[in-house]
1. Any idea how far apart residue 136 and residue 53 come out in nm if each label point goes 7 Å out from Cα toward Cβ?
2. Say each of residue 71 and residue 150 gets a label point 7 Å from the Cα, pointing the same way as Cα to Cβ; how far apart are those two points in nm?
3. Quick check: convex hull of the Cα atoms in the range 38-85, volume per residue, rounded to a whole Å³?
4. For the range 52-144, rounded, prolate or oblate, judged on the Cα gyration tensor with a ≥ b ≥ c (square roots of eigenvalues), a/c < 1.5 rounded, else prolate if a/b > b/c?
5. What shape does the range 97-142 take by its C-alpha gyration tensor, where a ≥ b ≥ c are the square roots of the eigenvalues and a/c under 1.5 counts as rounded, a/b above b/c as prolate, and the rest as oblate?
């Protein structure tokens, strides 16, 4: 059963790193809003959003480029993709980092993570620059009610940067809560990209 209120986005979020004593699989799914597509999101680990914890601190340190946090996050992602999270991979997978919320800004920590994973995981290649933020969007933590169509309009896909022959396009972000950001990226995608999408988050912020 879900840890918390299921997301409103149509995203199905599976957490394979649920806290001890909680269900191992955390599923949340409601009817999509704004014609949002169904999208599977796999989170490698989870932490309570409003509590101080080691994983919460790790996520914050990763975002500011701490080398030790990066190595720890890379280890978490490697282990997850070698196990249960491996189901989001295809025969040839292009991994694409979700951009940060400011127009033109790159999500360097997640781009570096994707590049490091591409060096290790068979069949995985980096799709750096395939998804861009062309207008400012609200930060997830600041947006109580997300307008997915408006957020999708802040994103642009460069499908030409997705290598030919990819049967899966994997969105990658450091933290997921409701799946809104992933779903907005799916809404922004052309049909040929959307039909191949799945998503990987390193952490799920619960609550």
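Where a number appears in this text, it was derived from the coordinates with a stated rule and is not lab data. A quick note: this is a predicted structure, and the numbers were derived from the prediction, not measured. Neighbour counts are summed over all protein chains in view; Cβ atoms, including those assigned to glycine, are modelled from backbone coordinates with ideal geometry.
1. That separation, rounded to one decimal, is 3.2 nm.
2. 4.3 nm
3. On the way: hull volume 4.7 nm³, N = 48.
About 97 Å³ per residue, rounded to a whole number.
4. On the way: a/c = 1.85, a/b = 1.21, b/c = 1.52.
Oblate shape, in that a/c is at least 1.5 and b/c is the bigger or equal ratio.
5. On the way: a/c = 3.28, a/b = 2.28, b/c = 1.44.
Judged from the Cα gyration tensor, the range 97-142 comes out prolate (a/c at least 1.5, a/b above b/c).
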